[in-house]
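Accompanying notes for the structure given below.
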Amino acid sequence: MADNRINSLLERFARGDRLALARLVTLVENRAPEADSVMEHIYARTGHAYVIGVTGAPGAGKSTLVNRLIAKYRGQDKLVAVLAIDPSSPFSGGAVLGDRVRMTDHYRDAGVYIRSISSRGHHGGLSRATREVVKLLDAFGHDFIIIETVGVGQTELSVMDLADTTVVVTVPEGGDGVQVMKAGLNEIADLFVVNKADRDGADRIKAELELSVHLRPAEGWRPPVVLTQAVSDVGIDALVAAIQRHREYLASHRDPAREAERRAREFVEVLTAAIDERATRALREGADGTREVVREVREGKLNPYSACRRIMENRMAIAELLAEPRELKPQR
Ligand SMILES: Nc1nc2c(ncn2[C@@H]2O[C@H](COP(=O)(O)OP(=O)(O)OP(=O)(O)O)[C@@H](O)[C@H]2O)c(=O)[nH]1
Ligand SMILES: [Mg+2]
């Protein structure tokens, strides 16, 4: 039954049905039992999209800037998806768009897909959930995927690992350059934007950032600093050009060892999460080989370490922990 529903969603997804995309995103974000099969199914179609991360202090103008970027890429006939990491809505769970992205001008455009994802409540971690949603958006055929996240907090920032180009947005306000250094944003930046350049002090923070860039090794990529006024659509072409230059730099400096490492890490994460999920469910549902041990633990007769050893040393118990969920309940 469930399989039929998923198959029909996947078929519609392959035909470009945005409702099917939305359903699959929800399913993957919520770690539904079918999530891994969905990922397995769509994986071969990923690898096409370019991922841009946009981060910076609250209110720096990230969303305004993202709106402008969308307009530029739509002007090039590209398909664009935006994923807003929303720390302010722990309960929306991605089903409802957060207020912070509602301001967008592109709601009615079928070439733009906008989604918010809550930074809270992801058992397997926000960066994993985001990576999987990004892969879905990629497989769907988006050319650009823009991830907007507030640059405070490790959880929110962890998603910037997924970006090919990370744009750090600053403003001329007092000491923002120093804040950027403190938050470690300068280390992840491939590109700096000084937005609200209509205000005083933009040149000063630009100089500060350029100075910090010169502390980087000379042979690597040197993040450029771009002045923008997102509200008035000023400087956006320069930003698009800078992103393009970084993209070309990456293409001509590919690092196969790092790519291999990234793939291996992803695999370990997917596998350990699958083991974790299965084992947790089996223990909760009382798989045969573990029931007695769990009972003794609950009664305080067995400490968790001895209990763990007893399970680890029992191949049958391990096999039952990792069995297909449906195998747990014998059908009679
Ligand atoms: N003066 C000026 N104001 C700007 C500029 N760009 C954006 N703003 C304003 O800054 C405010 C915040 O803009 P947003 O785009 O919502 O900022 P944000 O970084 O996405 O905010 P959060 O998502 O809440 O962190 C809005 O009132 C914008 O109109 C700019 O270039 N100059
Ligand atoms: Mg915003």
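Name every residue in the stretch 189-207 that is more than 10 Å from ligand 1 (Cβ to nearest atom), among the aliphatic types (A, V, I, L, M) and out of contact with any helix residue (DSSP H, G or I) (no Cβ under 7 Å at 6 or more places or on another chain), in order of residue number.
Matches in the stretch 189-207: A189, A207.
Just to be sure I understand, how many residues within the stretch 95-108 are open to solvent by less than 40 Å² (accessible area, probe 1.4 Å) and either at pLDDT 70 or above or away from ligand 2 (no atom under 16 Å from the Cβ) (or both)?
Residues in the stretch 95-108 being open to solvent by less than 40 Å² (accessible area, probe 1.4 Å) and either at pLDDT 70 or above or away from ligand 2 (no atom under 16 Å from the Cβ) (or both): 1 in total.
Counting only residues that are in a helix (DSSP H, G or I) and either of a type in the set (A, V, I, L, M, F, W, C) or out of contact with any Asp or Glu (no Cβ under 8 Å at 6 or more places or on another chain) (or both), how many does the stretch 212-270 have? Steps first, please.
First, pick out the residues of the stretch 212-270 that are in a helix (DSSP H, G or I): 212-213, 230-232, 236-252, 256-270.
Narrowing the set further to residues that are either of a type in the set (A, V, I, L, M, F, W, C) or out of contact with any Asp or Glu (no Cβ under 8 Å at 6 or more places or on another chain) (or both) leaves 212-213, 230-231, 236-245, 248-252, 256-270.
Total meeting the criteria: 34.
I'd like to check which helices (runs of 4 or more DSSP H) are fully inside the stretch 2-77 and have at least 3 residues that are within 16 Å of ligand 1 (Cβ to nearest atom), open to solvent by 10 Å² or more (accessible area, probe 1.4 Å) and closer than 30 Å to V194 by Cβ.
Fully inside the stretch 2-77 and qualifying: 62-75.
Which of the numbered conditions does E285 fail, given that it passes all the others? Conditions: (1) closer than 26 Å to T64 by Cβ; (2) more than 16 Å from ligand 2 (Cβ to nearest atom).
With respect to (1) closer than 26 Å to T64 by Cβ; (2) more than 16 Å from ligand 2 (Cβ to nearest atom), E285 is out only on (1).
Given the conditions (1) under 24 Å from W221 (Cβ atoms); (2) surrounded by 17 or more Cβ atoms within 10 Å (Cβ to Cβ), and given that R115 satisfies all but one, which numbered condition is not satisfied?
Condition not satisfied by R115: (1).
What tally of residues in the stretch 128-165 results from selecting those that are among the small types (G, A, S) and buried (at least 21 other Cβ atoms within 10 Å of the Cβ)? If you could, list the steps in order and put the result at the bottom.
So in the stretch 128-165, the residues among the small types (G, A, S) come out as 129, 139, 141, 151, 153, 158, 163.
After this cut, where a residue has to be buried (at least 21 other Cβ atoms within 10 Å of the Cβ) as well, the list is 129, 139, 151, 163.
Residues that pass the stated criteria total 4.
Among the residues in the stretch 146-161, are any under 10 Å from the mean Cα position of the chain (by Cα), of a type in the set (D, E, K, R) and within 16 Å of ligand 1 (Cβ to nearest atom)?
Yes; the residues of the stretch 146-161 include at least one that is under 10 Å from the mean Cα position of the chain (by Cα), of a type in the set (D, E, K, R) and within 16 Å of ligand 1 (Cβ to nearest atom).
The values are calculated or read from the model by the stated rules, or taken from the named source; none is laboratory data. All of these numbers come straight from a predicted model, not from anything done at the bench. Neighbour counts are summed over all protein chains in view; Cβ atoms, including those assigned to glycine, are modelled from backbone coordinates with ideal geometry. For the accessible areas, the whole protein counts, side chains as well, though only heavy atoms, and no ligand, DNA or RNA atoms are used. Shrake-Rupley method; radii C 1.70, N 1.55, O 1.52, S 1.80 Å.
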